[in-house]
Amino acid sequence: MIAPRPNKFSGIATLGGFTTPSAPASHPASPRRSPSGHRGTLSTSWASATRHLGQQLACLSDARLILLVALLLFALAAWPLLLVDLPPFQDLPHHVATSHIVAHPDLYPEYVFNGFFKSNSLLTLWLYVVGSHGLFGAARGFIAVVLAMNALALPLFMLHFAGRRSLLVAMLFVWPLVHGFFVSMGMLNFAFAFALSLILLTVIDQQRERPTLMRGFSIAAISGAVWYAHPFPVAVVVGLVAMHVATRSTWQARFRASLELLSPLAVAGLLSLVTAQQHLVKVERSSAVASAAIFYLNPLEIVGHLWLDASGALTRWGSMTIVPALMLPYFVWKQRRVDRAGLRPAESIAGGGGGNPTRVPASDRRVSRPFFSVPALAVVAVAYAALPVTLSNWSYLHCRLVPFLWVGLALRLPSTLPRPIAVALAACALSFSTVMGIDYLRLDRDRAEFTAGMDAVPARATLLPLLFEKSKTSDFTASLTHAWGYYTVAKNTSAPLVYAMERSYPIIYRDFPPDAIIQPALDRFAELHATPAQVCKILRQFPVESACATVWRELWNSFWQQAEPRFSHLLTWAIPPEARPMIPERYHRIFAAGDLEIYARRDETIAGY
């Protein structure tokens with residue numbers, strides 16, 4: 001293994017695992033001789049290759065280095081898009097179906113379009129403009145844009161705040177965020193807004209260093225774009241900048257920082273408050289059940305979601321994202337110990353081996369990390385633990401802080417890694433990319449099974465989907481939750497599971513349906529009440545099995561009294577034998593394949609539509 005040695009190209013340290021820009025050393029180190037001649041040859045070849053790579057990287061400008069890293073990250077994340085018509089993201093069919101409804105108001109008079117000038121509308125606007133040539137192709141195009149934004153924003157952010165020395169190390173830890181949890185969930189507006197917020201923070205820090213009026217206008221424009229994609233990252237950016245302003249040493253410095261950094265964010269911040277108000281304050285005619293849910297995770301789940309809400313894995317085969325998730329806090333802690341001691345161990349530079357530690361000058365020990373100081377990260381962590389996972393139909397609320405925690409920790413990584421660690425992290429990235437392509441195909445087969453009854457459903461049928469299970473192959477997402485959207489797009493069927501309860505959504509009901517057949521109650525009714533045993537487990541106050549069965553039958557009878565007059569067709573997925581007799585006699589089965597069953601109602605008179 002070779003210690004870092006200087007070269008004529010702006011100081012590139014040749015590491016055991018890879019090369020990264022570095023300050024030049026005072027003298028070259030000699031290669032450690034291996035007891036085996038063969039191993040010595042391999043070590044020399046490795047050192048020669050890494051030196052050559054280091055020289056090539058040193059010749060690159062910052063812009064070209066960012067572009068090179070971004071292209072590599074994008075290629076690893078985006079190539080599976082070529083394998084399927086529509087990626088198997090949980091919420092994506094819902095967004096496509098919503099855009100289909102927006103584009104055909106004559107077919108769906110029960111909904112009112114809320115317009116494009118509101119937050120969380122970027123995907124809707126994209127599909128409306130580009131989707132005229134095919135919604136599925138437009139959706140894939142938007143996903144490619146989101147992945148490209150993440151692939152570009154992460155190295156840009158890390159290069160600015162951590163420097164060239166730490167860029168490649170950081171990329172080995174933050175690559176899961178490119179095709180992260182929110183991409184796999186289909187929350188593409190938030191994923192885009194997160195990436196753009198990293199760029200926004202970079203521009204704000206440039207404003208902090210060299211304030212100009214034009215850069216202030218740029219901050220206002222970028223923050224407005226972030227708000228249009230999603231309001232939550234705007235709130236995080238405003239909070240981080242506000243904490244930075246509050247910690248200035250004098251009132252004069254605080255006032256100046258507020259004027260230069262916070263004032264350009266004022267419009268986007270106010271728009272985010274308006275968005276929250278529109279979502280939290282319900283319209284008068286809305287269903288009461290639509291605003292009642294507030295859920296928290298337990299402490300163990302909160303810790304586990306620090307990994308799960310960054311990982312974009314679809315199945316357990318993509319669980320290698322846990323490797324950077326576990327190593328990230330370890331190496332941050334290790335580097336913090338080194339910084340506090342004022343020592344730089346030889347192994348942290350060379351990527352392995354021993355050696356005497358070198359004393360770091362006092363001026364180099366404290367690295368300024370504006371907006372991501374230790375107190376700021378502590379506040380973000382406390383907010384993550386304190387916020388609910390669901391609040392008033394806002395799902396995964398606290399989870400949206402996890403990507404910010406990851407990048408904040410990544411700024412504190414060492415500039416070098418031991419060779420085995422670097423190789424292991426790179427191997428995880430490559431294997432995750434391969435598994436993601438395989439999982440795209442596996443989950444697309446689930447989609448094909450779910451839509452196998454397409455020909456059995458007539459055009460413009462009022463179709464009621466009842467999903468007793470929401471996934472088949474996927475482990476970390478419920479990939480079939482909104483697969484009903486394929487029927488809406490292909491057959492113009494009704495969409496009772498569409499999100500149309502809030503003014504902040506793209507569409508809202510003109511007249512709200514009964515509580516039982518509206519989101520979110522309808523979404524989980526079949527799943528939670530599939531069998532008497534499940535009802536007994538939920539209620540707990542009916543330990544006698546016969547009593548549970550009685551309550552269970554009453555729940556289903558009450559549900560069908562409201563649902564049967566409104567739906568001409570019924571789609572069930574993975575229905576258990578106990579629930580099948582509860583289907584009203586007027587429905588007869590017209591299709592069955594695997595877990596899919598489709599029923600038609602003999603009397604075609606439909607009420608409520």
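The values are calculated or read from the model by the stated rules, or taken from the named source; none is laboratory data. None of these values were measured; they are calculated from a predicted model. Cβ placement follows ideal geometry from the backbone for every residue including glycine, while neighbour counts extend to all protein chains displayed. Surface areas here come from the heavy atoms of the whole protein model, side chains and all, with no ligands, DNA or RNA. Shrake-Rupley method; radii C 1.70, N 1.55, O 1.52, S 1.80 Å.
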Would you be able to say whether some residue in the stretch 257-268 is in a helix (DSSP H, G or I), within 24 Å of the chain's Cα centre (by Cα), within 25 Å of M149 (Cβ to Cβ) and not aliphatic (A, V, I, L, M)?
no
Residue set A516, A500, A547; condition modelled with pLDDT under 90, open to solvent by 10 Å² or more (accessible area, probe 1.4 Å) and more than 22 Å from A600 (Cα to Cα); output residue A547
*Within the stretch 336-354, can one find any residue that is touching a Gly at 6+ places or on another chain (Cβ under 9 Å), buried (at least 17 other Cβ atoms within 10 Å of the Cβ) and at pLDDT 80 or above?*
no
Heads up, the helices (runs of 4 or more DSSP H) in the stretch 138-210 (entirely inside) with at least 2 residues that are crowded, with 24+ Cβ neighbours inside 10 Å and aliphatic (A, V, I, L, M) are 164-174, 188-209
Picked from the stretch 358-372 (must be in a loop (DSSP other than H, G, I, E, B) and surrounded by fewer than 16 Cβ atoms within 10 Å (Cβ to Cβ)), the residue modelled with the lowest pLDDT is R366
Those residues of the stretch 552-591 that are of a type in the set (K, R) and more than 38 Å from the chain's Cα centre (by Cα) come to a total of 3
(Q) Condition check: buried (at least 19 other Cβ atoms within 10 Å of the Cβ), more than 21 Å from the chain's Cα centre (by Cα) and at pLDDT 95 or above. Does R419 satisfy that? (A) no
P233: passes all of (1) in contact with a helix residue (DSSP H, G or I) (Cβ under 9 Å, 6 or more places away or on another chain); (2) over 13 Å from L262 (Cα atoms); (3) open to solvent by 10 Å² or more (accessible area, probe 1.4 Å) but (3)
If you go through A427, A410, the only one that is open to solvent by 10 Å² or more (accessible area, probe 1.4 Å), at pLDDT 95 or above and not charged (D, E, K, R) is A427
By residue number, the members of the stretch 112-131 that are touching a Phe, Trp or Tyr at 6+ places or on another chain (Cβ under 9 Å), in a loop (DSSP other than H, G, I, E, B), open to solvent by less than 60 Å² (accessible area, probe 1.4 Å) and free of Cβ contacts under 8 Å to residues at least 40 places away in the same chain are F116
### Task
Answer yes if at least one residue in the stretch 479-493 is surrounded by 22 or more Cβ atoms within 10 Å (Cβ to Cβ), of a type in the set (G, A, S), over 22 Å from A138 (Cβ atoms) and in contact with a Leu (Cβ under 6 Å, 6 or more places away or on another chain), and no otherwise.
no
Q.
Scan the stretch 430-448 and tell me whether some residue there is more than 23 Å from the chain's Cα centre (by Cα) and either modelled with pLDDT under 95 or among the aromatic types (F, W, Y) (or both).
A. no
How many residues of the stretch 519-529 are of a type outside the set (D, E, K, R), open to solvent by less than 30 Å² (accessible area, probe 1.4 Å) and within 17 Å of W394 (Cβ to Cβ)? The answer is 1
P375 fails exactly one of (1) open to solvent by 20 Å² or more (accessible area, probe 1.4 Å); (2) within 20 Å of the chain's Cα centre (by Cα); (3) modelled with pLDDT of 85 or more, namely (2)
When restricted to I575, I583, the only residue in contact (Cβ under 8 Å) with a residue 60 or more places away in the chain and either surrounded by 19 or more Cβ atoms within 10 Å (Cβ to Cβ) or closer than 24 Å to L480 by Cβ (or both) is I575
A221 vs (1) modelled with pLDDT of 95 or more; (2) touching a Ser or Thr at 6+ places or on another chain (Cβ under 8 Å): all pass except (2)
Checked the stretch 462-491 for anything in contact with a Lys or Arg (Cβ under 8 Å, 6 or more places away or on another chain), in a loop (DSSP other than H, G, I, E, B) and hydroxyl-bearing (S, T, Y); matches are T462, T473, S479, T481
Note to self: Take T462 and tell me if it is of a type in the set (V, I, T) and either free of Cβ contacts under 8 Å to residues at least 40 places away in the same chain or in contact with a Leu (Cβ under 7 Å, 6 or more places away or on another chain) (or both).
What the structure shows: no
Of the conditions (1) open to solvent by 30 Å² or more (accessible area, probe 1.4 Å); (2) in a helix (DSSP H, G or I); (3) in contact with a helix residue (DSSP H, G or I) (Cβ under 9 Å, 6 or more places away or on another chain), the single one that M214 does not satisfy is (3)
Being in a loop (DSSP other than H, G, I, E, B), surrounded by 14 or more Cβ atoms within 10 Å (Cβ to Cβ) and touching a Lys or Arg at 6+ places or on another chain (Cβ under 8 Å) narrows L86, L81 down to just L86
